[in-house]
Amino acid sequence: MSEAATRRKIVKAHDSSARYRTLKAIAAGVVVLLLGKVLFSIVAEYVNYFPPNFDAVFLLGREESFRGIYPPAFYVHIITAPIAILLAAYLMVSGKRKTHGPWHRRLGKAQLFLVLGLVAPSGFVMAFWAFTGPIAGVGFGLQAIATALTVTLAARYAMQRNFPVHQRWATHCFLLLVAPLLFRIVAGILIVTDTESFAAYQWNAWLSWIVPMAAYEAIRWRKKRKAAKKKQPRDVQLQEA
């Protein structure tokens, strides 16, 4: 292959990579805007919760359950969960930036306390009163447990300075925290398409957090496999092909 042909091939590969990065950035921006809009719409509904308006969508038909331990768990959750989501978003962005190191560590500790002490326990309590019964309730309860577990693992590996593994569990924690936003998006789609049902709500209670985590692990596995393949000698790659 001539030098000119090699140069053209390199330029073409560079352009293709640049386009991919641009499209990836645009897609990420769209997702962030969508999740931000959903989070804002959820917080905007808080006017119906102080005092509780049982004609509001989320509290509709909950007069009987809105007593005992449920109201404290409900209010703790709706106040702390949005803060945890915003903190998680900052921690995801700041993790690879050395200039944000001190703030990343401080806010990471705050996030550990917030999620372990408030968000996950309150979410677990609320799961016992899930709208469509125990199937959805178990899904929400396991999501709360998984959130507590992943933030604990993220903190543990950060303290051990095992940052690749820390990043893995921190990402899982972030996905679990934003899962309720995905739940809302899917619920909205079900309403618009007139396919809303108890069964759909129950599936959504599980899949809204399992699918993102599984997708993340699949992407990690693909990247790891691709990186390992690049390290292989050329003759081994040809044999596999």
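The values are calculated or read from the model by the stated rules, or taken from the named source; none is laboratory data. Owing to the predicted nature of the structure, the values given are computational and were not obtained by experimental measurement. Quick reminder, even Gly has a Cβ in these numbers, built from the backbone with ideal geometry, and neighbours come from all protein chains shown. SASA here: full protein model, heavy atoms, side chains in, ligands and nucleic acids out. Shrake-Rupley method; radii C 1.70, N 1.55, O 1.52, S 1.80 Å.
Direction-averaged shadow area of the convex hull around the Cα atoms of segment 127-241, nm²?
Working: hull surface 40.6 nm².
If I average the Cα hull's projected area over directions, I get 10.1 nm².
Subtracting the Cα-Cα distance of PHE66 and VAL31 from their residue separation scaled by 0.36 nm leaves 9.2 nm. Ligands, DNA and RNA aside, ARG105 has an accessible area near 150 Å² when probed at 1.4 Å. Shown for the chain: the carbon plus sulfur share of the solvent-accessible area, taken with all protein chains present and a 1.4 angstrom probe, equals 69%.
The candidates ARG168, ARG62, arranged from most to least accessible area with a 1.4 Å probe in the full protein assembly, appear as ARG168, ARG62. Over the chain, dividing the summed -39,500 (n - 2.57) contributions of all DSSP H runs of at least 4 residues by the number of residues returns a 222 nm mean residue ellipticity of -27000 deg cm²/dmol. Annotation note: GluC sites (Glu not before Pro) in segment 34-139 located in DSSP loop regions with a Cβ neighbour count of at most 13 within 10 Å are GLU63, GLU64.
The gain in end-to-end length when the VAL43 to ARG106 segment is fully stretched comes to 20.1 nm, 0.36 nm per residue minus the alpha carbon separation. Solvent-accessible area per residue in the chain equals 66 Å², computed with a 1.4 angstrom probe and all protein chains kept. Approximating the spin labels as points 7 Å out from Cα along Cα→Cβ, the ARG220-to-PHE128 distance works out to 3.3 nm. Counting heavy atoms of the protein chains alone, LYS224 has an accessible area of about 150 Å² for a 1.4 Å probe.
Among (1) 78, 45, 32; (2) 75, 35, 33; (3) 79, 39, 30, which is the computed Cα extents along the principal axes in Å? It is the value labelled (1). Distance check, please: which entries in LYS96/LYS229; LYS109/LYS230; LYS109/LYS229 exceed 27 angstrom between their Cα atoms? Listed pairs above 27 Å: LYS109/LYS230; LYS109/LYS229. The angle between the Cα long axis of helix 70-94 and the longest principal axis of the Cα atoms of the chain comes to about 20 degrees, rounded to the nearest 10.
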